[in-house]
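Notes follow once the structure below has been shown.
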């Protein structure tokens, strides 16, 4: 493969919002937020109604997107000290032996860049430039992970490649700066195929989001809505750059969120139940819009199950190769769904819901089964998933309001068997994971310093 790639290889841009709710975009029904650019993407492309991330929190969700695997398979489902996400100066990180989307595409001649929030390890061995990205500009973990009396963390750093260029970072200007960096990357690589992964900072993890000055007070939904509208502006800037450089017809742009919006942040997961960080639909079903003029038909809505683990095999085949063949990859090629091919159906017999190391639920078709367990773990304020077994018909009951467990014993039996497959392969609190690969680890992590 030549270093310059081939002219028939499409560009790929993935914009990954942070803690954006299922119902936070105009095209998903929000009555106040103005998102004309993302809404236009939906009109010109495809909106997914049943698209999932593999975890309701940042680190495992991001690990799955880049590796095509459940976070439990790549050992990124829990931090080295038992937290749901990695914290600053972490011993643990995404194993450099894992193969990311960036590595697959770079081997096929793509230029690769990550612009935004990483959160897969802040040691040099784990940063984007060690995981297949030619260029990195962003913060290494969440913007709320800053020094405080009980947390002697370093000041939040902004990195260019593996070097800290600002600390503490000014988060009120970060979206504008991310957008400028992304547009420059597009311009610099307009003559070769490229992959741009843009994990946005917005709306973010803090309860008072940090929004750019020119967007403050504009939305009608305090700072949270202002963030949504600033992120929509950023998306529009990228699409306009593609159009200016004649790249529109040869670029797939995907906009989605890393998990549902958390409680009391100002966002909406409606009509789904409960909040981010949970295994209810509101935690793991996310808005997803895809636009690729001439390939993805305009104005389509896809209600088949798809997930972020599908990106790696799908992008690989778009680039003229395949996903890695020497390891298990959980995702599937969903290009038939994206093209709206006749008869295209979800490749999933089952999709699994985990909270950290604990198995919670399985979806197959219209049915979602929460298994019975007295030790069910919950994140704070996630809505309190209780210990009983619950079966929901998501086709007729998207809000998970009516437990029909007793009415469908045959469905319960089938989904219970599917749950056992996951528990054997990916593990559970009382069961070792047979299919797990180990994360990366350093014994003496150091703070990132200027």
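Tally time: how many residues in the stretch 182-196 are loosely packed, with under 14 Cβ neighbours inside 10 Å and not in a helix (DSSP H, G or I)? First the steps, then the outcome.
Restricting attention to the stretch 182-196, the residues satisfying the condition of being loosely packed, with under 14 Cβ neighbours inside 10 Å are 187-188, 191.
Keeping just the survivors that are not in a helix (DSSP H, G or I) gives 191.
Qualifying residue count for the region: 1.
At least 1 residues that are without any contact (Cβ under 8 Å) to a residue 60 or more places away in the chain in each: list the strands (runs of 3 or more DSSP E) lying fully within the stretch 338-415 that qualify. Quick ask: steps written out before the conclusion?
Numbers: elements: 351-355, 358-364, 367-370, 390-393.
Fully inside the stretch 338-415 and qualifying: 358-364, 367-370, 390-393.
Is at least one residue of the stretch 206-226 closer than 23 Å to residue 306 by Cα and in contact (Cβ under 8 Å) with a residue 60 or more places away in the chain? Let's see the steps before the verdict.
Of the stretch 206-226, the ones closer than 23 Å to residue 306 by Cα are none.
Looking for residues that are closer than 23 Å to residue 306 by Cα and in contact (Cβ under 8 Å) with a residue 60 or more places away in the chain, one finds none in the stretch 206-226, hence no.
Quick check, is residue 261 buried (at least 23 other Cβ atoms within 10 Å of the Cβ), assigned by TED's automatic domain parsing to the domain that holds residue 102 and touching a strand residue (DSSP E or B) at 6+ places or on another chain (Cβ under 6 Å)?
On the way: buried (at least 23 other Cβ atoms within 10 Å of the Cβ): yes; assigned by TED's automatic domain parsing to the domain that holds residue 102: yes; touching a strand residue (DSSP E or B) at 6+ places or on another chain (Cβ under 6 Å): no.
No, not satisfied.
List the number of the failed condition for residue 421; all other conditions in (1) part of a loop (DSSP other than H, G, I, E, B); (2) out of contact with any helix residue (DSSP H, G or I) (no Cβ under 6 Å at 6 or more places or on another chain); (3) under 30 Å from residue 93 (Cβ atoms) hold.
(1)
Sort through 112, 129, 146, 179 and tell me the only one that's buried (at least 24 other Cβ atoms within 10 Å of the Cβ) and either out of contact with any helix residue (DSSP H, G or I) (no Cβ under 8 Å at 6 or more places or on another chain) or not in a loop (DSSP other than H, G, I, E, B) (or both).
Values: 129 fails: buried (at least 24 other Cβ atoms within 10 Å of the Cβ); 146 fails: buried (at least 24 other Cβ atoms within 10 Å of the Cβ); 179 fails: buried (at least 24 other Cβ atoms within 10 Å of the Cβ).
Selected residue: 112, the only one of 112, 129, 146, 179 that is buried (at least 24 other Cβ atoms within 10 Å of the Cβ) and either out of contact with any helix residue (DSSP H, G or I) (no Cβ under 8 Å at 6 or more places or on another chain) or not in a loop (DSSP other than H, G, I, E, B) (or both).
Which residue, of 412, 402, 442, is more than 21 Å from residue 53 (Cβ to Cβ), exposed (fewer than 14 other Cβ atoms within 10 Å of the Cβ), at pLDDT 95 or above and in contact with a strand residue (DSSP E or B) (Cβ under 8 Å, 6 or more places away or on another chain)?
The conditions single out 402.
Can you find a residue in the stretch 317-336 that is more than 22 Å from residue 63 (Cβ to Cβ) and not in a loop (DSSP other than H, G, I, E, B)?
Yes: the stretch 317-336 contains one or more residues that are more than 22 Å from residue 63 (Cβ to Cβ) and not in a loop (DSSP other than H, G, I, E, B).
State the number of residues belonging to the stretch 183-239 that are more than 22 Å from the chain's Cα centre (by Cα) and closer than 27 Å to residue 103 by Cα.
Matching residues across the stretch 183-239 total 8.
Only one residue in 301, 289 is under 15 Å from the mean Cα position of the chain (by Cα), in contact (Cβ under 8 Å) with a residue 40 or more places away in the chain and either surrounded by fewer than 24 Cβ atoms within 10 Å (Cβ to Cβ) or not assigned by TED's automatic domain parsing to the domain that holds residue 371 (or both). Which one? Before the answer, list the steps.
Values: 301 fails: under 15 Å from the mean Cα position of the chain (by Cα).
Going through 301, 289 in turn, just one is under 15 Å from the mean Cα position of the chain (by Cα), in contact (Cβ under 8 Å) with a residue 40 or more places away in the chain and either surrounded by fewer than 24 Cβ atoms within 10 Å (Cβ to Cβ) or not assigned by TED's automatic domain parsing to the domain that holds residue 371 (or both): 289.
What residue, of 376, 423, is crowded, with 18+ Cβ neighbours inside 10 Å, closer than 20 Å to residue 56 by Cβ and at pLDDT below 95? Talk me through it step by step, then tell me what you get.
On the way: 423 fails: at pLDDT below 95.
Sole residue among the options that is crowded, with 18+ Cβ neighbours inside 10 Å, closer than 20 Å to residue 56 by Cβ and at pLDDT below 95: 376.
The values are calculated or read from the model by the stated rules, or taken from the named source; none is laboratory data. Treat the numbers as computed from the prediction; the structure is a model and nothing was measured. Here the Cβ is made from the backbone with ideal geometry for all residues, glycine too, and neighbour counts use every protein chain on show.
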